[in-house]
1. Can you give the direction-averaged projected area of the convex hull of the alpha-carbon atoms in the stretch 25-77, in nm²?
2. Quick one: compute the contact order of the chain, relative version, from alpha carbon pairs under 8 angstrom and 6+ residues apart, as a percent.
3. Based solely on its DSSP helices, what 222 nm [θ] is calculated for the chain when runs of n ≥ 4 H residues each add -39,500 (n - 2.57) and the sum is averaged over all residues, nearest 500 deg cm²/dmol?
4. So what's the gap between the Cα centers of the stretch 126-173 and the stretch 28-71, to the nearest angstrom?
5. Using a 10 Å cut-off around each Cβ, can you sort V26, V91 from fewest to most neighbouring Cβ atoms?
6. For the residues D161, D111, what sequence is obtained by ranking on other C-beta atoms within 10 Å, fewest first?
7. What is the distance, in nm, between label points placed 7 Å from the Cα along the Cα-to-Cβ direction at T113 and at W22?
8. Springs between alpha-carbon atoms under 10 Å, Gaussian network over the chain: tell me which of I57, I72, I96 tops the mean-square fluctuations.
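Derivation of every value follows stated rules applied to the coordinates shown; laboratory data play no part. Please read these numbers as outputs of a predicted model, since none were measured by experiment. Every residue, glycine among them, receives a Cβ derived from its backbone with ideal geometry; neighbour counts consider all protein chains shown.
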Amino acid sequence: MGYPQRLLGDDEHVELDLHPHWINLVLPVAAAVVILAAAAVGVSVVPSGSAGGVAQIAIGVVALILLWFATIRAWLRWITTSYVITSERVVVREGILSRTGRDIPLQRMNDVTFHHTFFERLIGSGTLTIESAGERGQVVLGDVPRVEYVQSTLYRLTEEDDIRRRRLGATADED
């Protein structure tokens, strides 16, 4: 499921469509395995019968609640967070029930920097900071996969956008 084409401008196209790095899902998956294993052991240990049946249901309900808070919510947060880089802007969208979005036109970008720790370098992730000329200053995107490639792509797109705008300006001056 890519970025919807209907939300793009006439000559705009998607360069990168990213979610936060998959490493964010490792702990939730591990938690799911532990919760499901503990629930299975709990259900199998409880004797069957009317009191045991209630206890088994209680164990299942507790397991579902734990699964929601430890895994499903984290997965939903991951899947609903997107960093889209187009030929004209950077689009950031996040939120499960309520959504927050920010669009940064390439022409307003002043600086794009990245930072990653040793561990982030090993897994290919990092933090991208985009400074814009707007009144809101900078945007910090955490856990960006292939952060160095994303930074170089943004730099290339900014240069291409600048060249395109200069050409359009020169063409408009000639008319």
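1. Orientation-averaged projected area of the Cα hull: 3.2 nm².
2. 20
3. Details: 5 runs with 79 residues, N = 175.
Estimated from H runs of four or more residues: -15000 deg cm²/dmol.
4. 48
5. Neighbour counts put them in this order, fewest first: V26, V91.
6. Final ranking by Cβ density, sparse to dense: D111, D161.
7. Result for the modelled spin labels: 3.1 nm.
8. Of I57, I72, I96, the Gaussian network model singles out I57 as fluctuating most.
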